[in-house]
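To start, the structure under review is shown below, and the notes come after it.
The values are calculated or read from the model by the stated rules, or taken from the named source; none is laboratory data. Here the structure is a predicted model, which is why all the values come from computation and not from measurement. Heads up, the Cβs are rebuilt from the backbone with ideal geometry, glycines too, and the neighbour counts pull from every protein chain shown.
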């Protein structure tokens, strides 16, 4: 593998540092790419595809484990996000894309506003409770980049991408505190409406209402 070039895996997902992503590898070019990453224990870049175009910012991943290997070479793997990067130049010399990239981290180590952080965590835990998932683990409360954990509750790719590109933890927490509170309110309201709906058409007879 040519030094300095990062293999790219374009996907309709946004991986965060520390996040986990299961992948099913079936295309020949990605069998080749992932095979090299496993043998050489190297990173590859996961980058969002937006309307056929690569976003300029992505996150590297490593293969944490092979869950299943099929006779035809297909793989089920689990990956973990590592470092954020900016694409400087795309290289198309091989079957899969590679790029010259510049890695980056946050530009400031300032602490997040405690009220905003508490609001974001409270909303996150409310969402997890609605979905019957585990709340944020206590050890994460002191994680200096807890925002990358809280964003797991959000599926909006545009918002996830913007958050991943942000180079300030306080700013990410500020954005999350607003988004998660609004999102939790919306999800909680939708769940309440579902709970009120008649089951299989045999619920109470509300005037003027039909499921």
Among the residues of the stretch 127-139, is any buried (at least 18 other Cβ atoms within 10 Å of the Cβ) and not in a loop (DSSP other than H, G, I, E, B)? yes
Reported set for the stretch 27-36 where residues are assigned to a helix (DSSP H, G or I) and free of Cβ contacts under 8 Å to residues at least 12 places away in the same chain is 35
Meets criteria (at pLDDT 95 or above, surrounded by 17 or more Cβ atoms within 10 Å (Cβ to Cβ), touching a strand residue (DSSP E or B) at 6+ places or on another chain (Cβ under 6 Å) and outside the structural domain of residue 165 (by TED's automatic domain parsing)) for residue 47: yes
Is it true that some residue in the stretch 37-51 is part of a loop (DSSP other than H, G, I, E, B) and closer than 30 Å to residue 187 by Cβ? yes
Would you check if there is a residue in the stretch 3-17 being at pLDDT below 95 and within 21 Å of residue 100 (Cα to Cα)? yes
Quick one: what pairs do we get from the stretch 59-75, first residue outside the structural domain of residue 10 (by TED's automatic domain parsing), second at pLDDT 95 or above and part of a loop (DSSP other than H, G, I, E, B), C-beta under 6 Å, 6+ apart or different chains? none
For residue 181, state whether it is over 18 Å from residue 15 (Cα atoms), modelled with pLDDT under 95 and in contact with a helix residue (DSSP H, G or I) (Cβ under 9 Å, 6 or more places away or on another chain). no
Which of the numbered conditions does residue 105 fail, given that it passes all the others? Conditions: (1) surrounded by 15 or more Cβ atoms within 10 Å (Cβ to Cβ); (2) closer than 19 Å to residue 18 by Cα. (1)
Considering (1) in contact with a helix residue (DSSP H, G or I) (Cβ under 6 Å, 6 or more places away or on another chain); (2) modelled with pLDDT under 95, say which one residue 123 fails and leave the rest. (2)
Does residue 99 fit the bill of being loosely packed, with under 15 Cβ neighbours inside 10 Å and over 19 Å from residue 160 (Cβ atoms)? no
Pick from the stretch 140-156 the residues that are under 14 Å from residue 183 (Cβ atoms) and surrounded by fewer than 16 Cβ atoms within 10 Å (Cβ to Cβ): which of them is modelled with the highest pLDDT? 156
